[in-house]
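Trainee: The following block contains the structure, expressed as structure tokens.
The values are calculated or read from the model by the stated rules, or taken from the named source; none is laboratory data. Computed from a predicted model, the values in this text were never measured in an experiment. When we count neighbours, we look across all protein chains shown, and the Cβ atoms used for this are built from the backbone with ideal geometry, even at glycine.
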């Protein structure tokens, strides 16, 4: 039982759990306290100094973001004095921030910009001084622009504590303080795994996804190109947020949109997910029954996770599913299977992936296997946020588009394919099919609710043919290591390995919380996006990948058997240990 | 027997060349005295006394004679050097207004000798605590004593200890904050270097009281001798069974370790200090949770300043009531100040709380150099403020200083006279704070910088009246919106100088004049043609060839070339060069 505290905020009585901050408590009584550093998704860093409030009995002002509400406190969140101080602090922050709004990627959705607007800033009160620190775009996925940084510390909290990657840190002190990889190296030489969570949490344009939309426009303009497109599962339930709609599945409007933008064929990454499951479930069955390869099998469709593993946990390479990620599979198949079936020159196919993820920009050239079709399988990967900008640029009333269907061969998906977008989804989809592969029977209830939800490490046991299959699902890279350590420990002590199958997603919540998704993500938003995904699964007539008729046709007409020669050539990849730091 | 050394120094600034005569006198007398052991005679550059005439210090006895006349030399050699007798009437009398408690042993015992410390009454308090007292009794004594933290904020020490004592945790920590960083302050350094065992003893008692078995000395790396001596003291205490397991058979275990600060001023702030010990970036964190609840490695921790801890042994040995008999109603005991600036006798002084600023400056410090007029006193280091001369009779304690817009701080005290410019002073401190801001929070990082820019603008003669409002606006925002003490107080020098010396700012801004002659852009040198004797010395010495003319025509200064170094002003023997 929690202890409750009762206090007054602006004269309004509020009762909250002990430990609740003044800022959170104020929210409960419809009072919004301004802040630039506190993100609802993260612990307070207490950097910006805007959230100051007054407490009766003290002549100090306290920071609402990190001050716990105490019993009988009387808080004032707003009076002319407080507003004056806040405005001064904001003016100070602006004195160190370029007035580049018109050409900044965050124009229109920048937290600093809207704060300046709220406070009616009309002039540079203090003398402007800007920092001259070079832009770092070396990863090709996210771009670091330190002069725009307000040092809120969110990216560092995310990179160090949420993701345990420690690519970003503060360097120097005082006015020279800046965000940078330690040792002032380039981001591409740092441990950065390109998850992009920093860019999704940045309040300004200081960390921004590398904008590849122009590449897409150029391709669409080019008459020689046969432009095709695919969307990832998590994109369809988040893109609406850019248009004011939360938690809505907009798959069919997206299909219509792509045709209006000029794409010749519209595919769905979910189809690729179904293929991934065919391969991965086969791999699992092979390892479980025929003992070919090590258990636990660990999923590999998250490129940041792959990068993280190759850098920090390369001893686990043998456990990794060699299966490529769904969009890579669709990419390969579009330039082989689809091209062949439709008599199109694969050299002319230009494949665009719409992803919730910044890391996919890295994945498309990660290794030789990403060129399995003989061409670069995916020509460009853009994020949900980039797509939103394209829609607005194209002048399409997106929300009122009619519903359309995807193009066949690589467009029809099952319920198993779509749940890839949420944490636990890949595991659930794989189990639905693995059960069939091992037992030859269909599951009566395909819903594995134990793998759903936002608990960081989820464990479950499933009985397959009398074998208790133990699984674990982890998301958020800082939580993955705990699971891996359990495996290592068991190996070292010669005990039975605690798991047969592990799913890992780098981003908290899985792809719905991806680093390329719309801003302001919180757990409640992650759950809403995930709910829309599970609804799509529930609404599907076919919910297991192996029952997808187009998948069956693909194997029959083209790939042969799962794990077969052709499948192996096109749908699998390899891993190698990579240095954490490149010097 | 140690070799005798005579240090010789003319402490009067006005006299010249007198010292050489005395040197000869002493050498002759020493030679004539037919001494068995050779005596070394040294002219030294500073003897720690000012305006006290010819002064000698005789080692190893440490006898100081001041105001010596020619006729005294023979007596000194005969009676003191040869006869080992002290000549009372020549002895330099120490001002009695000081009260040495914390500094009692400094300079009197060998800081590297545990035996010396014990002989001076050391570790008696620890024995008393371990054998006779329960932790709650120690807290009780502290409460009676009214001891408050000497690091700056003046938080009651007993409360801090009691919080930590009440926490239910198997691990707790005691930290000694020796990250003294205020410019010109060296109170902690002197204690750590001169009496390390007293701080050790304070820490062990603290550990016993709160139930901790591990303590850290956090000492800045710029204090190598302090580090060396503290380490030596720790080693000695371990060998003597005063540290380690089962101390003095009491079942109490305690160990100590040194951690070096890497030169960041902000690491004196307790949450930043903890981060630094943990190996993290030294930036402050929001409080609560306070360290006494969740501190080092997330465990209850008390952090006390060196001087606070050094007070503990005497406080316990003599009892809290005795400690409380010194001082004012709310500020008890003594306080060490580093007295500097335009005062005749600069140095460390330890005074009872409640003494007036005037007593410190004039009775102990001997007044202002060259007998100029005092303008103000700056206390509290870069986070402090100025107190104008009309408040010199204020008794020094935490409350009074803060009422006047300054702070006790860790004990910096700078006398400011009419040749000091307050705008320049504010600029100096601000520059320090801007350099030392950790950069974490916007009001401090950016506010300090903007303040500095405005002050520079004013001192360069480009100030506008609107700038005064900006200064006030930023200072207020920094005070209210900064996270830690450094940021909250970084604007104090600006605030307090404007509070008391707004006119001086206005003179800079409106009349473009710096009366003290400190702000170079606002001063001009001119040669007064009537006073000039056409000697040409100014031209010869001018480093920028800004002085034109000849012995026939006289000299003028070319303002375009003049770099306002003031050399001409200093070298002119006829006061013909004027500064305005």
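Trainee: Taking the stated definitions as given, is residue B:233 within 14 Å of another protein chain (Cβ to nearest Cβ), in a helix (DSSP H, G or I) and crowded, with 16+ Cβ neighbours inside 10 Å? I'd like the intermediate steps shown before the answer.
Mentor: Values: within 14 Å of another protein chain (Cβ to nearest Cβ): no; in a helix (DSSP H, G or I): yes; crowded, with 16+ Cβ neighbours inside 10 Å: yes.
Spelling it out, it is not the case that residue B:233 is within 14 Å of another protein chain (Cβ to nearest Cβ), in a helix (DSSP H, G or I) and crowded, with 16+ Cβ neighbours inside 10 Å.
Trainee: For the stretch A:282-318, which positions are under 17 Å from residue A:427 (Cβ atoms) and over 24 Å from the mean Cα position of the chain (by Cα)?
Mentor: A:282, A:283, A:284, A:285, A:287, A:288, A:295, A:296
Trainee: Out of all the residues in the stretch A:18-40, is one or more over 30 Å from residue A:241 (Cα atoms) and either out of contact with any helix residue (DSSP H, G or I) (no Cβ under 9 Å at 6 or more places or on another chain) or surrounded by 20 or more Cβ atoms within 10 Å (Cβ to Cβ) (or both)? Even if it seems obvious, please write down each step before you answer.
Mentor: Our first condition is that a residue be over 30 Å from residue A:241 (Cα atoms); within the stretch A:18-40, this holds for A:18-19.
Next, from what is left, pick out any that are either out of contact with any helix residue (DSSP H, G or I) (no Cβ under 9 Å at 6 or more places or on another chain) or surrounded by 20 or more Cβ atoms within 10 Å (Cβ to Cβ) (or both): A:18-19.
Within the stretch A:18-40, one or more residues are over 30 Å from residue A:241 (Cα atoms) and either out of contact with any helix residue (DSSP H, G or I) (no Cβ under 9 Å at 6 or more places or on another chain) or surrounded by 20 or more Cβ atoms within 10 Å (Cβ to Cβ) (or both).
Trainee: Taking the options A:245, A:216, A:235, A:228, name whichever one is more than 14 Å from every other protein chain (Cβ to nearest Cβ), more than 21 Å from residue A:363 (Cβ to Cβ) and either in a loop (DSSP other than H, G, I, E, B) or modelled with pLDDT of 95 or more (or both). I'd like the intermediate steps shown before the answer.
Mentor: On the way: A:216 fails: more than 21 Å from residue A:363 (Cβ to Cβ); A:235 fails: more than 21 Å from residue A:363 (Cβ to Cβ); A:228 fails: more than 21 Å from residue A:363 (Cβ to Cβ).
After applying the criteria, what remains is A:245.
Trainee: Considering every residue within the stretch A:101-109, establish whether at least one is without any contact (Cβ under 8 Å) to a residue 40 or more places away in the chain, part of a loop (DSSP other than H, G, I, E, B) and within 14 Å of chain B (Cβ to nearest Cβ).
Mentor: No, there is no match, as no residue in the stretch A:101-109 is without any contact (Cβ under 8 Å) to a residue 40 or more places away in the chain, part of a loop (DSSP other than H, G, I, E, B) and within 14 Å of chain B (Cβ to nearest Cβ).
Trainee: Here's another thing I want to ask about it. Looking at (1) more than 22 Å from residue A:151 (Cα to Cα); (2) within 13 Å of another protein chain (Cβ to nearest Cβ), which is the one condition that is false for residue A:57?
Mentor: Of everything listed in (1) more than 22 Å from residue A:151 (Cα to Cα); (2) within 13 Å of another protein chain (Cβ to nearest Cβ), residue A:57 misses just condition (2).
Trainee: Can you pull out the strands (runs of 3 or more DSSP E) entirely within the stretch B:31-98 that have at least 1 residues that are over 33 Å from the mean Cα position of the chain (by Cα)?
Mentor: Working: elements: B:39-43, B:54-59, B:63-65.
Correct list: B:39-43.
Trainee: Given the criteria touching a residue at least 60 places away in the same chain (Cβ under 8 Å), closer than 27 Å to residue A:114 by Cβ and outside any loop (DSSP other than H, G, I, E, B), does residue A:93 qualify?
Mentor: Details: touching a residue at least 60 places away in the same chain (Cβ under 8 Å): no; closer than 27 Å to residue A:114 by Cβ: yes; outside any loop (DSSP other than H, G, I, E, B): yes.
So residue A:93 does not fit the description; no.
Trainee: Okay, next question. Could you list, in sequence order, the residues of the stretch B:457-466 that are on the phi < 0 side of the Ramachandran plot and more than 11 Å from every other protein chain (Cβ to nearest Cβ)?
Mentor: Going through the stretch B:457-466, the residues on the phi < 0 side of the Ramachandran plot turn out to be B:457-460, B:462-466.
Of everything in the stretch B:457-466, those that are on the phi < 0 side of the Ramachandran plot and more than 11 Å from every other protein chain (Cβ to nearest Cβ) turn out to be B:458, B:459, B:460, B:462, B:463, B:464, B:465.
Trainee: Counting only residues that are buried (at least 24 other Cβ atoms within 10 Å of the Cβ) and assigned by TED's automatic domain parsing to the domain that holds residue A:248, give me the helices (runs of 4 or more DSSP H) lying completely in the stretch A:324-424 with at least 3 of them.
Mentor: On the way: elements: A:326-333, A:339-342, A:359-363, A:384-394, A:415-418.
So the answer is A:326-333, A:359-363, A:384-394, A:415-418.
Trainee: Quick check on this structure: which one of A:496, A:482 is under 18 Å from residue A:299 (Cβ atoms), loosely packed, with under 15 Cβ neighbours inside 10 Å and modelled with pLDDT under 95?
Mentor: Working: A:496 fails: under 18 Å from residue A:299 (Cβ atoms).
Among A:496, A:482, only A:482 is under 18 Å from residue A:299 (Cβ atoms), loosely packed, with under 15 Cβ neighbours inside 10 Å and modelled with pLDDT under 95.
Trainee: Here's something else I'd like to know. Out of A:224, A:212, A:268, I need the residue that is within 22 Å of residue A:346 (Cβ to Cβ), surrounded by fewer than 23 Cβ atoms within 10 Å (Cβ to Cβ) and within 20 Å of the chain's Cα centre (by Cα). Which one? Break it down into steps so the answer makes sense when it comes.
Mentor: Values: A:224 fails: within 20 Å of the chain's Cα centre (by Cα); A:268 fails: surrounded by fewer than 23 Cβ atoms within 10 Å (Cβ to Cβ).
Result of the check over A:224, A:212, A:268: A:212.
Trainee: Taking residue B:228, is it free of Cβ contacts under 8 Å to residues at least 40 places away in the same chain, within 24 Å of residue B:182 (Cβ to Cβ) and in the same structural domain as residue B:154 (by TED's automatic domain parsing)? Steps first, please.
Mentor: Numbers: free of Cβ contacts under 8 Å to residues at least 40 places away in the same chain: yes; within 24 Å of residue B:182 (Cβ to Cβ): yes; in the same structural domain as residue B:154 (by TED's automatic domain parsing): yes.
Judged against the criteria, residue B:228 is a match.
Trainee: List the helices (runs of 4 or more DSSP H) inside the stretch B:266-324, counting only whole elements, that have at least 2 residues being modelled with pLDDT of 95 or more and either buried (at least 24 other Cβ atoms within 10 Å of the Cβ) or within 14 Å of another protein chain (Cβ to nearest Cβ) (or both).
Mentor: Working: elements: B:270-277, B:306-318, B:320-324.
In the stretch B:266-324, the matching helices (runs of 4 or more DSSP H) lie at B:270-277, B:306-318.
Trainee: Considering each of A:507, A:511, A:571 in turn, give the residue that is under 16 Å from residue A:272 (Cα atoms) and under 15 Å from the mean Cα position of the chain (by Cα).
Mentor: After ruling out the rest, the residue left standing is A:511.
Trainee: Consider the stretch A:287-309. How many of its residues are touching a strand residue (DSSP E or B) at 6+ places or on another chain (Cβ under 8 Å) and under 26 Å from residue A:508 (Cβ atoms)?
Mentor: Let us first name the residues in the stretch A:287-309 that are touching a strand residue (DSSP E or B) at 6+ places or on another chain (Cβ under 8 Å), namely A:287-288, A:295-302, A:305-306, A:309.
Applying the additional criterion that residues be under 26 Å from residue A:508 (Cβ atoms) yields A:296-302, A:305-306, A:309.
Looking only at that region, the number is 10.
Trainee: Hey, among B:73, B:102, which residue is within 30 Å of residue B:327 (Cα to Cα) and in contact with a helix residue (DSSP H, G or I) (Cβ under 7 Å, 6 or more places away or on another chain)? Give the derivation first.
Mentor: Details: B:73 fails: within 30 Å of residue B:327 (Cα to Cα).
Result: B:102 is the single residue among B:73, B:102 that is within 30 Å of residue B:327 (Cα to Cα) and in contact with a helix residue (DSSP H, G or I) (Cβ under 7 Å, 6 or more places away or on another chain).
Trainee: Among residues belonging to the stretch A:60-69 that are in a loop (DSSP other than H, G, I, E, B) and facing chain B (nearest Cβ under 9 Å), point out the one that is surrounded by the fewest Cβ atoms within 10 Å (Cβ to Cβ). Steps first, please.
Mentor: Initially, the stretch A:60-69 is screened for residues in a loop (DSSP other than H, G, I, E, B), giving A:60, A:64-67, A:69.
Next, only the ones that are facing chain B (nearest Cβ under 9 Å) stay: A:60, A:65-67.
Working: A:60: 10, A:65: 26, A:66: 20, A:67: 23.
Among residues in the stretch A:60-69 that are in a loop (DSSP other than H, G, I, E, B) and facing chain B (nearest Cβ under 9 Å), the one surrounded by the fewest Cβ atoms within 10 Å (Cβ to Cβ) is A:60.
Trainee: Follow-up question, since we're still on this one. Can you tell me which residues in the stretch B:553-571 are under 39 Å from the mean Cα position of the chain (by Cα) and loosely packed, with under 14 Cβ neighbours inside 10 Å? Let's see the steps before the verdict.
Mentor: Of the residues in the stretch B:553-571, the ones under 39 Å from the mean Cα position of the chain (by Cα) are B:562-571.
Correct list: B:563, B:570.
Listed here are the residues, each with its yes/no results for (1) more than 10 Å from chain A (Cβ to nearest Cβ); (2) crowded, with 24+ Cβ neighbours inside 10 Å; (3) touching a strand residue (DSSP E or B) at 6+ places or on another chain (Cβ under 7 Å); (4) not in a helix (DSSP H, G or I).
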residue: B:440; (1), (2), (3), (4): no, yes, no, yes
residue: B:455; (1), (2), (3), (4): yes, yes, no, no
residue: B:473; (1), (2), (3), (4): no, no, no, no
residue: B:477; (1), (2), (3), (4): no, yes, no, no
residue: B:521; (1), (2), (3), (4): yes, no, no, no
